[in-house]
1. Going through Leu66, Leu58, Leu42 one at a time, which residue ends up being touching a residue at least 12 places away in the same chain (Cβ under 8 Å) and either surrounded by 10 or more Cβ atoms within 10 Å (Cβ to Cβ) or out of contact with any Asp or Glu (no Cβ under 9 Å at 6 or more places or on another chain) (or both)?
2. Need the failing condition index for Arg11 against (1) out of contact with any strand residue (DSSP E or B) (no Cβ under 7 Å at 6 or more places or on another chain); (2) at pLDDT below 85, just the number.
3. Please find, within region 76-92, the residue that is modelled with the highest pLDDT out of those that are under 40 Å from the mean Cα position of the chain (by Cα) and among the aliphatic types (A, V, I, L, M).
4. For Val74, indicate whether it is surrounded by 10 or more Cβ atoms within 10 Å (Cβ to Cβ) and over 16 Å from Arg21 (Cα atoms).
Amino acid sequence: MICVAQHTHARRSVDVPGTDRKDFNTWVSKGLLDTGTAKAMLAEYDARETVFSAGRVLLVLAAVLLSAAILLLVAANWEAIPRFCASAASLA
């Protein structure tokens with residue numbers, strides 16, 4: 001709930017779900033934001049795409065597993081790699 005202080009010092013509440021909106025509540029109660037501005041800002045915030053998605057998690061997991069597979073492939077065949085190439089690869 002956002003409690004909005006009007007110019008007449010009357011308080012009107014606006015239903016805003018979520019606990020991460022404490023700042024908005026504080027700003028509105030201090031008179032830094034009015035109800036309409038707070039609602040518009042929160043609507044813009046809610047309309048944004050979320051950062052967390054299953055696709056991104058799977059992409060990162062695939063990258064980590066592919067890197068581990070390449071590292072294990074090189075490590076398993078380290079003896080078969082010519083000494084010059086192994087030295088160059090370890091310095092790179």
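The values are calculated or read from the model by the stated rules, or taken from the named source; none is laboratory data. None of the values given here were measured: they were computed from a predicted structure. Neighbour counts run over all protein chains shown; Cβ positions are idealised from the backbone, glycine included.
1. Leu42 is the lone residue from the list that is touching a residue at least 12 places away in the same chain (Cβ under 8 Å) and either surrounded by 10 or more Cβ atoms within 10 Å (Cβ to Cβ) or out of contact with any Asp or Glu (no Cβ under 9 Å at 6 or more places or on another chain) (or both).
2. It is condition (1) that Arg11 fails.
3. Ala76
4. Here the answer is yes, as Val74 does meet what is asked.
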